[in-house]
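Reviewing the structure listed below.
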Amino acid sequence: MRVIAGSAKGVRLGPVPPGVRPVSDMAREGVFSSLGPEVAGARVMDLYAGTGAMAIEALSRGAEHATLVERDRVALRAIRDNLARARVAEAADVVGSDVLSFLTRDDNLLEAFDLVFADPPYAMEQEDLDALVAAIGAAGLSGPAWRVVLTRPKRSSTPVIPLHWLAARRLSYGDTLVFIFREV
C-alpha cells in the first residue's frame with residue numbers, strides 16, 4: 001500500500017496487520033477523486049482505521065486534522081507507524097476504542113468533523129451495520145459540507161441510512177462498494 005497523492009505521495013505504508021482488510025489503492029484513489037477539493041482543510045474521522053490509510057491519504061491531500069479510531073492493539077501500532085512514515089503524525093489523534101463505544105460517548109464531538117470514513121469488517125452483521133450508521137447519524141455531523149464514506153462488500157445490502165442523509169455516490173472497486181453520503 002502507498003499514499004496516492006499529496007504531500008506524502010508515494011510513501012509506502014507498513015505491513016498490514018493480521019485480520020485487517022485495508023481499502024485498496026484503487027478504491028482510495030476513486031474515493032478521493034470523488035471528494036475532490038472537499039478534503040483540503042477538512043477535519044477527518046477514520047472509524048475502523050486498520051492501517052490508517054484513509055486518514056493518511058486525507059492528511060496528505062490537505063486535511064487539517066484526523067482522528068483515527070481502532071480497537072486492535074496491533075493495528076494501533078501499525079497506524080502510529082504509518083502516520084510517522086507519511087510525516088503526518090502531528091495532525092492526527094489515535095484513539096484505542098471500540099467504534100460504537102466511541103460514537104456513543106458524551107464527549108465524542110462528531111459534529112466537529114467534516115468527513116467520516118467508516119470501513120467496518122465485511123463480516124459485520126446487517127443489524128450491527130445499521131446500528132453503526134444510526135450512531136454516526138445520532139452523533140450529529142453539522143459542517144456545511146459533511147460527507148460519510150462507508151465501505152461494504154458487494155454482496156451486502158445497502159445499509160439503512162438516516163433520513164437526513166443522501167447517498168450522493170455509489171462506487172464499485174473489485175469486491176468493494178463505497179457509498180458517499182451527504183446531508184439532504
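Pick the calculated mean projected area of the Cα convex hull in nm² for this structure from (i) 9.1; (ii) 30.2; (iii) 14.2?
(i)
With a 1.4 Å probe and all protein chains left in place, how much accessible area per residue does the chain have, in Å²?
Counting only protein heavy atoms, the per-residue value for the chain is 46 Å².
Report the gain in length on full extension from residue 16 to residue 29: 0.36 nm times residue separation, minus Cα-Cα distance, nm rounded to one decimal.
Net length gain for the segment: 2.8 nm.
For the chain, with a Gaussian network of springs between Cα atoms less than 10 Å apart, report the residue from 89, 138, 123 with the top mean-square fluctuation.
With Cα springs under 10 Å in the chain, the top fluctuation among 89, 138, 123 is at 123.
With a 10 Å cut-off between alpha carbons and a GNM built on the chain, which of 127, 57, 38 moves the most?
Maximum among the listed residues: 127.
Given the DSSP H assignment, sum -39500 (n - 2.57) over each helix run of at least 4 residues in the chain and divide by its residue total; what's the result at 222 nm in deg cm²/dmol, nearest 500?
Estimated from H runs of four or more residues: -8000 deg cm²/dmol.
Treat every Asp and Glu Cβ in the chain as -1 and every Lys and Arg Cβ as +1, leave all other atoms uncharged, and give the resulting dipole magnitude about the Cα centre to the nearest 20 debye.
740 debye
What are the membrane-span-like helices in the chain by this rule: whole DSSP H runs, Cα extent along the axis at least 27 Å, mean Kyte-Doolittle hydropathy at least -1.0?
Span-like helices, by this rule, are absent here.
How would 1, 124 line up by accessible area, probe 1.4 Å, largest first?
1, 124
Report relative contact order for the range 1-100 in percent, whole number only (criteria: Cα-Cα under 8 Å, sequence separation at least 6).
Worked out over the range 1-100, it gives 29 percent.
How high is the relative contact order of the range 59-184, in percent, with contacts defined as C-alpha pairs under 8 Å that are six or more residues apart?
That works out to 20 percent.
Based on the Cβ-Cβ distance from residue 112 to residue 170, what FRET efficiency comes out when R0 is 25 Å, to the nearest 0.05?
Given R0 = 25 Å and the Cβ-Cβ separation, E is 0.40.
With the full set of protein chains in place, find how many percent of the accessible area of the chain is carbon and sulfur; take the probe as 1.4 Å.
Here carbon and sulfur together make up 51 percent of the probe-accessible area.
Using a Gaussian network model of the chain whose springs link C-alpha atoms within less than 10 Å, name the residue from 36, 50, 140 with the highest mean-square fluctuation.
Looking only at 36, 50, 140, the largest GNM fluctuation is found for 36.
Sequence gap at least 6, Cα distance under 8 Å: using those rules, report the relative contact order of the range 28-80 to the nearest whole percent.
Reported as a whole number, the value is 38 percent.
Modelling each spin label as a point 7 Å along the Cα-to-Cβ direction, I'd like the residue 157/residue 5 distance in nm, to one decimal.
Between residue 157 and residue 5, the label points sit 3.6 nm apart.
With every protein chain left in place, what is the accessible area of residue 67 in Å² (1.4 Å probe, nearest 10)?
Around 10 Å² of this residue is reachable by solvent.
With charges only on Cβ, +1 for K and R and -1 for D and E, what is the dipole size of the range 113-184 about its Cα centre, in debye, rounded to 20?
340 debye
Could you calculate the contour length gain from residue 183 to residue 71, that is, 0.36 nm times the residue separation minus the distance between their Cα atoms, to one decimal place in nm?
Contour length minus Cα-Cα distance gives 37.5 nm.
The values are calculated or read from the model by the stated rules, or taken from the named source; none is laboratory data. Note that this is a predicted model, so its numbers are computed, not measured. Reconstructed Cβ throughout: ideal geometry from the backbone, glycine too, with neighbour counts over all protein chains shown. The area values use the complete protein model at the heavy-atom level, side chains included, leaving out ligands, DNA and RNA. Shrake-Rupley method; radii C 1.70, N 1.55, O 1.52, S 1.80 Å.
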